[in-house]
1. Pull out all pairs, ordered by first then second residue, where Cβ-Cβ is under 6 Å, the residues are six or more apart or on different chains, the first lies in region 479-499 and is under 16 Å from SER468 (Cα atoms) and of a type in the set (Ser, Thr, Tyr), and the second is open to solvent by less than 30 Å² (accessible area, probe 1.4 Å) and not in a loop (DSSP other than H, G, I, E, B).
2. Which of (1) exposed (fewer than 14 other Cβ atoms within 10 Å of the Cβ); (2) within 23 Å of PRO338 (Cα to Cα); (3) of a type outside the set (S, T, N, Q) does ILE261 not meet, given it meets every other one?
3. State whether one or more residues within region 81-95 are over 27 Å from ASN236 (Cβ atoms), out of contact with any Ser or Thr (no Cβ under 7 Å at 6 or more places or on another chain), part of a strand (DSSP E or B) and of a type outside the set (Asp, Glu).
4. Give me the pairs: first residue in region 57-69 and touching a residue at least 24 places away in the same chain (Cβ under 8 Å), second residue open to solvent by 70 Å² or more (accessible area, probe 1.4 Å) and assigned to a loop (DSSP other than H, G, I, E, B), beta-carbon distance under 8 Å, and six or more apart or on different chains, which are they?
5. Checking the condition within 29 Å of ASP277 (Cβ to Cβ), open to solvent by less than 70 Å² (accessible area, probe 1.4 Å) and of a type in the set (Phe, Trp, Tyr), which residue from TYR228, TYR197 passes?
6. Name the pairs: first residue in region 450-476 and of a type in the set (A, V, I, L, M), second residue open to solvent by 30 Å² or more (accessible area, probe 1.4 Å) and assigned to a loop (DSSP other than H, G, I, E, B), Cβ to Cβ under 6 Å, at least 6 apart or on different chains?
7. Please determine, by comparing only the residues of region 670-694 that are at pLDDT 80 or above, crowded, with 18+ Cβ neighbours inside 10 Å and assigned to a strand (DSSP E or B), which one is farthest from the chain's Cα centre (by Cα).
8. Mind listing just one residue for me: the one in region 462-510 that is on the phi > 0 side of the Ramachandran plot and over 49 Å from the mean Cα position of the chain (by Cα) and, of those, surrounded by the fewest Cβ atoms within 10 Å (Cβ to Cβ)?
Amino acid sequence: NQAYSKISNSITVEWATVPGATSYLLTAEDGDTVIETMVANSPGTVTGLKAATVYQITVRSISAAGKSQASPPKQAKTVLAAPILEVSSPSPDSILVQWEAVYMAIGFSVSIMRANGLGRIWRENTTNTSLTFGSLEAGTLYTIKAYAWNANGTPGDDSTCNQRTSPRAPANIQVSFDSGALKASVSWAPTEGAFNYTVMALSDSSERSCHTTLRTCTISSLRCGTEYLISVLASNDAGSSKSTSTEALKTVACAPGRVTIREDPPGHLSVAWSNVDLGDYYVAFVKSDDGLEVHCNTSFTQCNFLSECGFTYFISVFAYNKAGQSPLGDVFNYTTAPCCPTDINPVLVSSDRVEIVWSPVRGAELYETKAVAGFTVVECNDTVPACTLSALECDTKYNITVHSFSEVRGSNMSCTSQFITTAPCSPEIKNISKDAFSTINVHWQSTNNDAIYTVTAQGEKGLFRCSSRGESCTMAGLPCGSVFSVTAVAETQAGRSLPSYSVPLETVPCCPAGLTVTQVTQSVINVSWTVATGARTYVTVLESHAGQSKCLTQQNQCLLGCVSCGTNYTVALKAISATGVTADCAYQSYSSSACCPLGVKLYRLGPNGIRIYWQASRGSVNYSTDLYGSKGIFTCTPSAGLSFCDVTEIPCGDVYTVMVSPVAETGLKLTFCPKKIYSVTCSGSTLGMGKSFFLMDKMEENVQGRSFG
C-alpha cells in the first residue's frame with residue numbers, strides 16, 4: 001500500500017494481509033546493499049538503513065509451504081538524520097546549541113523550553129550549525145530539540161537533549177578571618193541552580209580554595225603577611241559562574257624574624273627584629289624565669305628593657321595589624337650573666353691559706369676564685385659558695401676576686417675584687433741567751449712588715465711571755481730548775497702566724513735553800529744541803545790559802561777530808577742539771593774547828609779530885625773536859641787561856657773515859673777528839689799506881705801518880 005520513513009534509519013511498509021501467510025519478508029535495496037527484515041504482519045519496519053537514501057521496498061509472504069513472489073517494488077526515501085547536538089551554557093542566561101552539518105539538509109529547526117514544561121517554548125530556524133538562546137533563567141534545566149529538513153521541507157529525524165544554564169555568581173560575600181588559625185570563613189547568599197560552590201583566595205604568590213555544597217566554606221592554611229582576593233564561584237553540571245565581585249583579605253603579619261638580643265651595658269637588654277609586611281606595629285614580650293613579664297609596644301623594630309643578673313629571659317615578638325596578632329614565632333631565651341657575690345667574708349686567714357665564704361648568687365653554676373699577687377696566681381673553682389685558697393705566701397697582699405660562672409653566659413667578669421693579706425710568716429728563733437741576772441734574751445729572724453712578735457716560754461711551772469716589734473725580746477722571772485718550750489708568733493692586722501719551731505730552754509738549777517757544814521772529824525767535814533730543783537749533780541768546793549778540797553756527788557751531802565784544823569775556809573756549791581747547766585750558788589765562809597789538844601794527862605788532887613792537863617793548840621781556844629764513868633759524867637771548863645782544869649768530888653774505883661775537846665764559838669763541843677781511858681783506884685794517894693790505861697786508838701801509856709801541894 002505505502003512505504004514511508006519517519007526515522008532516518010528505517011522505512012515503514014504497509015500492505016494488505018495475504019491469507020495463509022504466517023509472516024512476511026521485507027526487503028530494502030539501494031543498489032549497494034540489501035536489507036531484509038522478517039515481520040509478523042503489516043505494518044512492518046525495515047531498520048538499519050542509511051539516512052536520506054532511496055530504497056526499493058518489496059514484500060514477500062511466507063507460509064509453511066514456502067515464500068511467495070516479491071510484491072511490486074515501491075520506492076521510499078529515509079528522512080534526514082537527526083543533528084548531533086553539542087549544548088553548553090556560556091553564561092547564566094544563555095545556552096549555546098551546536099551541531100555538525102547533516103547530509104542533504106538545507107535548514108534546521110531548534111526549539112527550547114524548560115524541562116519541567118513550565119513557561120514558553122522558543123523555536124528558531126537556521127541554516128547555520130549553531131544557535132544561542134539568550135534571556136534564559138540562570139541555573140535552570142532546559143530541553144532542547146532540533147531537526148534538519150531537506151529541500152522539500154521534509155523534516156528529518158529530531159534530536160533531543162537537556163541542558164542547564166550555569167548559575168550566577170553568589171552575592172553578598174562575607175569574610176571572617178581567624179588570625180590564630182590563619183583561616184578565613186566565607187559565607188554568601190545561595191544562588192539558583194548551583195550544585196556546589198568554590199571559594200578562591202588568590203594572592204601574588206599563592207592560591208587557596210575550598211569546595212562545599214553549603215553556603216559557607218572555610219579556607220585554611222592561609223599565609224601570614226599576605227593580601228588575598230576572595231571570590232566565590234557557583235557551579236553545576238553546566239559549569240561555573242563567573243566571578244563578578246571579590247573581597248580583599250589581609251592576613252595577620254608574619255612573626256618578625258632575625259631577632260637579635262644584646263645586653264650592653266649589663267642591666268640593659270636590647271631586642272631588635274626585622275620589619276615584616278602588613279605589620280602596623282610590634283609588641284615585644286620579655287618574661288623572666290621567675291614569672292614576671294613586661295612588654296614594649298612600638299612601631300619601630302627595636303625595644304629596650306631593664307634586665308637583672310642571673311635571670312633567663314624568654315623573648316617573643318609579635319606583629320599586629322587590623323587582622324590581629326601575628327603567629328607565634330621563635331621564642332628566644334637570653335640568660336644574663338650570673339650575679340656577682342657581694343658579701344665575700346674571710347672566715348680563716350692563715351699564713352698560707354685563706355678560707356672565704358659568700359652567699360649564693362642567682363644564676364651561678366660555678367664560682368671561680370682567683371688570688372693574684374704580682375705574677376703569682378692561685379685559683380680554685382667550686383660549685384659551693386666557699387673556697388679555700390692554699391699554697392699562698394705568708395704576709396702577702398692578695399687581690400682576690402670571685403667570678404660567678406654559668407654554662408650559658410660564662411664568667412661574669414664585672415665582679416669587683418677585694419684585698420686580703422695573709423697572716424704573717426712564722427719567725428725563726430735564732431738563739432736564746434742568758435745574762436748574769438738570769439734574764440732570758442730571745443732573738444729571731446723574720447721578714448714580716450709591721451708585725452708584733454710574742455715569745456712564749458711554756459713549762460710545768462707556768463707560762464711566760466714577752467713581746468716586741470723588733471727581732472728580740474727579754475724575758476725575766478723564769479723559775480730556776482725548769483724546762484721550757486720557747487716559741488715565737490708574729491701578729492699583724494691580718495692575723496697570727498703559726499708558731500715558730502719550738503726551742504727548748506732550761507733554766508739553771510735552783511740553789512739549795514740551806515747549806516750546813518758539820519765537822520765530822522778533825523780533818524773531815526760534812527757539807528749537806530737541801531735538794532735543789534733541777535739539779536742532778538752537785539760539786540762542793542772547800543778552799544783556803546792552804547789548798548782546795550772538792551767533792552762531786554748526786555746526793556745532798558758530801559764528806560770533805562784533808563781539812564786543817566783551826567783554818568778559815570770558803571765553801572762553794574755548784575748545782576748541775578742533767579744536761580750540764582750549772583748554777584753557781586752563794587759562797588759561805590767556814591772556819592774549821594780548833595785542833596784537838598795533845599798530851600792529855602790526869603793528876604790526883606786529894607782523895608776525890610783530879611786535874612786534867614793537856615797541851616793547848618795554837619791560837620786562843622776554849623776547851624771543855626768530860627769524864628765518862630759508870631758513876632756519872634763529870635765536866636770541867638778551864639778558865640780562858642789555861643790548859644788544865646780540875647774535877648773535884650770524883651768517885652774513885654771506876655774507869656773513866658776522858659776527852660778534852662775544843663769548844664766552838666757557838667758553844668758546841670767537838671766530839672771527835674781522841675778519848676783516853678783511866679782507872680781511878682781508892683788505895684793510897686796515887687792515881688792509877690801500877691795500873692795501865694788505854695787510849696781510844698789502842699795506844700798504852702804508864703802514868704806515875706803525882707801529888708800536888
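1. If the second residue must be open to solvent by less than 30 Å² (accessible area, probe 1.4 Å) and not in a loop (DSSP other than H, G, I, E, B), the pairs left are THR487/THR456; SER497/VAL489; SER497/ALA490.
2. Condition (1) is where ILE261 drops out.
3. There is no residue in region 81-95 that is over 27 Å from ASN236 (Cβ atoms), out of contact with any Ser or Thr (no Cβ under 7 Å at 6 or more places or on another chain), part of a strand (DSSP E or B) and of a type outside the set (Asp, Glu).
4. Pairs that qualify, where the first residue is touching a residue at least 24 places away in the same chain (Cβ under 8 Å) and the partner is open to solvent by 70 Å² or more (accessible area, probe 1.4 Å) and assigned to a loop (DSSP other than H, G, I, E, B), are ILE57/PRO73; THR58/PRO72; THR58/PRO73; ARG60/GLN69; ILE62/THR22; SER63/THR22; ALA64/THR22.
5. TYR228
6. Here the result reads ILE452/ARG469, each pair linking region 450-476 to a residue that is open to solvent by 30 Å² or more (accessible area, probe 1.4 Å) and assigned to a loop (DSSP other than H, G, I, E, B).
7. Only one residue fits best here, namely VAL680.
8. GLY477
The values are calculated or read from the model by the stated rules, or taken from the named source; none is laboratory data. Remember, predicted model here, so these are calculated numbers, not experimental data. With ideal geometry, Cβ positions are generated from the backbone for all residues, glycine too; neighbour counts draw on all protein chains shown. All accessible areas refer to the heavy atoms of the entire protein, side chains included, with ligands and DNA or RNA removed. Shrake-Rupley method; radii C 1.70, N 1.55, O 1.52, S 1.80 Å.
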